[in-house]
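Worksheet: one structure, shown below.
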Amino acid sequence: MPILSKETSMDKQELPKVPVPPLDQTLDTYLKCVQHLVCADQFRKTKAAVDKFGAPGGAGELLQEKLQERKEKTENWVYSYWLEDMYLNNRLALPVNSSPAMVFPKQNFRDQRDALRFATRIIRGVLDYKARIDTDDLRVDVARGQLAGTPMCMQQYRRLFTSYRYPVQGSDSLSVKVDCAGPEHMIVACKNQFFVLETLLNDELMTDAEIFSQLDKIMKMAENPTERAPPVGLLTSDGRNEWAQAREALVKDPVNRTSLDLIESSLCLVCLDEPCSPLDQSDSSRAAMMLHGGGAEKNGANRWYDKSMQFVVGLSGVCGVVCEHSPFEGIVLVQCSEFLLEYIISSPSKMSTVVSGKSLPVPKRLTWKISPQIQGFISDSAPRLHRLVKNLDMDVFKFSSYGKDFIKKQKMSPDAYIQVALQLAFYKCNRRLVPTYESASMRRFREGRVDNIRSATRQALAFVQAMTQDKPAASDAEKMEKLNKAICAQTEYTRAAITGNGIDNHLLGLLRISRDLKMEKPDMFCDPTYLSSNQFILSTSQVPTTVEMFCCYGPVVPNGYGACYNPQADHILFCVSSFRESTDTSSAVFSNALQEALSQIRDLCKRAHKPPPSPAHKGSKP
Ligand code: COA
């Protein structure tokens, strides 16, 4: 990211507040977004409900006024509504359903010591990065791409190593520690056991050799079968209500309370994973391993999913980071991960591991009092995680025919182009378009998170229909015109969303403030169209990286796809996910359709931009 000067450092940012968009603009856009996705009859009812809501003196007017007041009184009027709706109220298990992961390049560890060296450098890198955050020394991110040049809100970085998501019946709670400058402890997971890794020795940061020595001791301690505790971490992979219930029982015992406190207050987890078979080391398998750990029989219990950052170092070189999503976005995760990988690469290849060992304290093993009731909870969690593991259908592929450079040469936005290709791929598979989510960064605003770009535009529908109709087949000129319109519509929507004029946050705000005011739920929010328009069968996100690694996540609905993409100059990396239990989806089928769609659009652009044969050559004999 480009650098800004120190005057615009993290703490001194004066960013504008997220605006409340005009009511009629949002309602009008909403109708345009859904009209072509529902039948005409249903749309008539939807329009009537929306018109009633937006009528002068109607509920919308009052709620809009209340939102304006909320905007004045808060730093960010939508933040807590959005956080609850997007994450905390979701009762599904965190792995696959909510927590994304970054997959690092496959490491070639010669032996266990190599893996521990890698883990040591991650730990040192985290401490260095955390110190930069604490001392306000992180360079401010600046927007690139659409509307480039604006500084971005840096709040999310502060939450990387200070957050913990507590499971609570009904709705979780996200706790963020403030004033926690300085190095603290981390938790190392090994063979489903948890150990405290202090990072200071006699008030000084431990050296690489000292950290290495502690990790080595932890590995040996974890081997000891007599001290092995049951796989408590499995509980955190369960549904949030199930985990909340188990935690209530767990916390009653002071031994467990102490162990929980140590995990909750740690900077992060470092998970030393068991090696996986060579068959489990493809990009798709590594992505799946990061998302769910392979279930109880592999590394699924070697995790603590409530903690925001879990660095995974697998002994066979499968490495990455899995994160609890509620405190920050993937882009912040990428920045941190890139720093760490560069930190590791820049470090001396042969780190000294010679340390006396005698002066170092023995790492503390977390102990647990496991009642039969808690053992029962653990036993129930294992098959539920197993089902999630079996259910995930992950397909990571590199589309290598072209990348951003080709698209830019067509004078089109690469992101909009890829989104239109995703629509074409979906249409090829299903002959319809569906509500689509694309995350749009709101970090141009104070405490900004994201809003949604609804990519299934009516212009995209017109284009994909033209591309797939046989009789009569559309001409290239018609297809090209529709492609241009679809890309323009997508680009316009993107610009609206990143400047605070998206509709999803606004509609959510209107609904939530009506609840706060104890008003009857307005009809337009009970309407089947509103409900179905929030079932994102296609959940997409651009997560670009500048070093070799990629982001992945799962679908957000049972019959949906997750599609994360990483556009590079000459290729695009896609991570497509779906659930095997759904007969509507198949990641391989969707991926094939996507590759076909991208090739067809490229061919269309090439044909359209091909100069016509010059008259001199027309019909001329060789
Ligand atoms: N002709 C030529 N080049 C163009 C162009 C055109 N018509 N339109 C855009 N470009 C260029 C841009 O200048 C930019 O150039 P760069 O590579 O030198 O920076 C590049 O193409 C990319 O721009 P574009 O594809 O339009 O998109 P973007 O980078 O602005 O991304 C979003 C759009 C929506 C993805 C972005 O605004 C965003 O919000 N990102 C965050 C997503 C997020 O939060 N993900 C994580 C969720 S957990």
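Points worth noting:
- Footprinting exposure proxy for Leu508, Leu392, Leu94, Leu360 (fewest neighbouring C-beta atoms within 10 Å first): Leu360, Leu508, Leu392, Leu94
- Residue-averaged [θ]222 nm for the chain, counting only DSSP H segments that reach four residues, each worth -39500 (n - 2.57): -13500 deg cm²/dmol
- Angle between the chain longest axis and helix 208-223 axis [Cα atoms, degrees, rounded to 10]: 80 degrees
- The distance between label points at Gln375 and Ser347 comes to 4.1 nm (points 7 Å beyond Cα on the Cα→Cβ vector).
- At an R0 of 56 angstrom, the distance between the Cβ atoms of Asp253 and Glu75 translates into a FRET efficiency of 0.90.
- If the segment from Gln25 to Gln469 were pulled out straight at 0.36 nm per residue, it would be longer than the present Cα-Cα gap by 156.5 nm.
- Relative packing of peptides 548-554, 138-144 - highest average C-beta neighbours within 10 Å first: 548-554, 138-144
- Rounded to 5, the percent of DSSP beta bridges in the chain classed as antiparallel: 70 percent
- Percent RCO, i.e. relative contact order, over the chain, from Cα pairs under 8 Å lying at least 6 residues apart: 20 percent
- Counting other Cβ atoms within 10 Å as a rough exposure proxy, the listed residues Asp128, Asp395 run Asp128, Asp395 from fewest neighbours to most.
- Reducing segment 99-163 and segment 27-66 to their Cα centroids gives an inter-centroid distance of 43 Å.
- Taking other C-beta atoms within 10 angstrom as a stand-in for reagent exposure, Cys605, Cys488 fall in the order Cys488, Cys605, fewest first.
- In terms of distances greater than 27 angstrom between alpha carbons, the cross-link table entries Lys106/Lys220; Lys298/Lys428; Lys130/Lys408 yield Lys298/Lys428; Lys130/Lys408.
- Segment 167-251: C-alpha gyration tensor shape, a/c 1.5 cut-off, then a/b vs b/c: oblate
- The trypsin sites (Lys or Arg not before Pro) of segment 431-527 that DSSP puts in a loop, and whose beta carbon has at most 12 other beta carbons within 10 Å, are Arg431, Lys518.
- Rounded tilt (10° steps) of 112-134 against the dominant C-alpha axis of the chain: 70 degrees
- Here the chain is treated with +1 on each Lys and Arg Cβ and -1 on each Asp and Glu Cβ, and its dipole about the Cα centre works out to around 1460 debye.
- Cα-Cα over 23 Å, subset of Lys191/Lys217; Lys66/Lys518; Lys191/Lys307; Lys217/Lys390: Lys217/Lys390
- Sites Arg607 and Ala569, calculated FRET efficiency, Cβ-Cβ separation with R0 30 Å, nearest 0.05: 0.80
- Separation of alpha-carbon centers, segment 500-541 and segment 370-436, rounded to whole Å: 24 Å
- Positive dipole terminus of segment 553-609, leading residue within Cys605, Phe574, Val589 (C-beta point charges): Cys605
- Dipole axis of the chain (+1 Lys, Arg; -1 Asp, Glu on Cβ), positive-most option in Val543, Cys319, Leu205: Val543
- Taking a straight Cα-Cα cut-off under 18 Å and skipping sequence neighbours fewer than 8 places away in the same chain, the lysines within cross-link reach of Lys252 are Lys369.
- Dipole moment magnitude, nearest 20 debye, segment 440-499 about Cα centre, only Lys, Arg, Asp, Glu C-beta charged: 340 debye
- For the chain, the longest principal axis of the Cα atoms and the long axis of helix 587-609 meet at an angle of about 50 degrees.
- Within segment 269-384: Cβ-based charge dipole about Cα centre, in debye rounded to nearest 20 (Lys, Arg +1; Asp, Glu -1): 600 debye
- Largest to smallest principal axis extent of the C-alpha atoms in the chain, angstrom: 86, 76, 54
- Placing R0 at 30 angstrom, the Cβ-Cβ distance between Asp476 and Ala148 gives a FRET efficiency of 0.40 after rounding to 0.05.
Each reported figure results from applying straightforward, stated rules to the coordinates on display, with no laboratory input. Every value quoted in this text rests on a predicted model; they were computed, and no experiment measured them. FYI the Cβ positions are ideal-geometry reconstructions off the backbone, even for glycines, and counts take in every protein chain you see.
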